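To start, the structure itself, in structure tokens.
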Amino acid sequence: MPAKSTKQRITEAALQLFEENGFHAVTVDKIVKESNTSKGGFYHNFKSKDELLYTIHDSFITYVIDKAAEAHASYHTPAEKLYETVRSFVKMFEVYRAHVTVFYQESLYLSPDYFDSIKKKRDIYKDMMFSVVKEGKERGEFRDELPVPITSMAIFGMINWTYKWYKADGQYSVKEIADIYADLIMQSLLTEQARKEPAYQRFFLRTNRVM
């Protein structure tokens, strides 16, 4: 396994310290000590502690946008696009749970420029979700009585909260949780006719698949 770069070591140390102590309680000196690096190494990779916090936020938001874009490009129907987007969103927590935790705890401390940049990316992801739900309704795959904004934000709310309780060593793997969420969401959104489509049976949990 390749050695971690200085940037990786600093980021991992900062994640742990920010999550445990909060952004303002953590100094650059503490991060350098925890990561066993140097101030020179820190400032070679980050202009400031603010930029480090921004980088932490940006990494997972960029990841989920890229995965959603991949799903939109790889599948033809709204149902398939949504199913793959939901699963990739949930599976993000396997790598980025600490990043999401720090985001919700510390995002108010981002400087205006950094905050605006993050907001633009979050809006991109929101628009992608809104568009696929809208497309699903227009093509008759998703129930027409479900409003696009409420449905989309309900999906976000359901998945975002995972950071509060997900544990890598818990009863369910992140893949199993992704499959459960996808089943709940697809069962709720699909029309009765769409649920019968043979190609969509992979969306649903089978009996005794997850105990």
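Considering only residues that are over 22 Å from Arg143 (Cβ atoms) and open to solvent by less than 30 Å² (accessible area, probe 1.4 Å), look in the stretch 61-78 and name the one that is farthest from the chain's Cα centre (by Cα).
Ile65
Please go through the stretch 161-190 and give me each residue that is open to solvent by 40 Å² or more (accessible area, probe 1.4 Å) and either assigned to a helix (DSSP H, G or I) or closer than 18 Å to Ala79 by Cβ (or both), ordered by number.
Those that are open to solvent by 40 Å² or more (accessible area, probe 1.4 Å) and either assigned to a helix (DSSP H, G or I) or closer than 18 Å to Ala79 by Cβ (or both): Trp161, Lys164, Lys175, Glu176, Ile180, Leu184, Gln187, Ser188.
Within the stretch 90-129, can you find the residues that are under 16 Å from Lys167 (Cα atoms), of a type outside the set (Lys, Arg) and buried (at least 19 other Cβ atoms within 10 Å of the Cβ)?
Listed by number, the residues that qualify are Val90, Met92, Phe93, Tyr96, Ala98, His99, Val100, Val102.
Part of a loop (DSSP other than H, G, I, E, B) and either farther than 21 Å from Gln16 by Cα or of a type in the set (Gly, Ala, Ser) (or both) - does that describe any residue in the stretch 96-112?
Yes; the residues of the stretch 96-112 include at least one that is part of a loop (DSSP other than H, G, I, E, B) and either farther than 21 Å from Gln16 by Cα or of a type in the set (Gly, Ala, Ser) (or both).
Every residue in the stretch 72-101 that is under 18 Å from Arg122 (Cβ atoms) and not hydroxyl-bearing (Ser, Thr, Tyr), please.
Result: His72, Val86, Phe89, Val90, Met92, Phe93, Arg97, His99, Val100.
From the residues in the stretch 191-211 that are assigned to a helix (DSSP H, G or I) and either in contact with a His (Cβ under 9 Å, 6 or more places away or on another chain) or of a type in the set (A, V, I, L, M, F, W, C) (or both), which one is most open to solvent (accessible area, probe 1.4 Å)?
Once the filter is applied, the top-ranked residue is Ala199.
Which of the residues that make up the stretch 6-22 are among the polar types (S, T, N, Q) and either surrounded by fewer than 19 Cβ atoms within 10 Å (Cβ to Cβ) or touching a residue at least 60 places away in the same chain (Cβ under 8 Å) (or both)?
Thr6, Gln8, Gln16, Asn21
If I filter the stretch 79-87 for residues that are within 30 Å of Leu17 (Cα to Cα) and surrounded by 14 or more Cβ atoms within 10 Å (Cβ to Cβ), do I get at least one hit?
yes
Take the conditions under 19 Å from Tyr181 (Cβ atoms) and either touching a His at 6+ places or on another chain (Cβ under 6 Å) or at pLDDT 95 or above (or both) and apply them to Tyr75. Does it pass?
Yes, satisfied.
Do you know which of the residues in the stretch 130-148 that are part of a helix (DSSP H, G or I) and small (Gly, Ala, Ser) is least open to solvent (accessible area, probe 1.4 Å)?
Gly136
Which ones in the stretch 23-38 are assigned to a helix (DSSP H, G or I) and open to solvent by 60 Å² or more (accessible area, probe 1.4 Å)?
Of everything in the stretch 23-38, those that are assigned to a helix (DSSP H, G or I) and open to solvent by 60 Å² or more (accessible area, probe 1.4 Å) turn out to be Asp29, Lys30, Lys33, Glu34.
Which pairs do you get when a residue that is touching a residue at least 12 places away in the same chain (Cβ under 8 Å), found in the stretch 71-97, comes within reach of a residue that is hydroxyl-bearing (Ser, Thr, Tyr) and buried (at least 22 other Cβ atoms within 10 Å of the Cβ), reach meaning Cβ atoms under 6 angstrom, with the pair 6+ apart or on two chains?
Hits for this filter: Ala71/Thr85.
Considering (1) small (Gly, Ala, Ser); (2) farther than 15 Å from Met128 by Cα; (3) at pLDDT 95 or above, say which one Ser111 fails and leave the rest.
(3)
The values are calculated or read from the model by the stated rules, or taken from the named source; none is laboratory data. Nothing here was measured: the structure is a model prediction, and the numbers come from that model. We place every Cβ from the backbone using ideal geometry, glycine too, and count neighbours over all the protein chains shown. Accessible surface areas use protein heavy atoms only, side chains included; no ligands, DNA or RNA. Shrake-Rupley method; radii C 1.70, N 1.55, O 1.52, S 1.80 Å.
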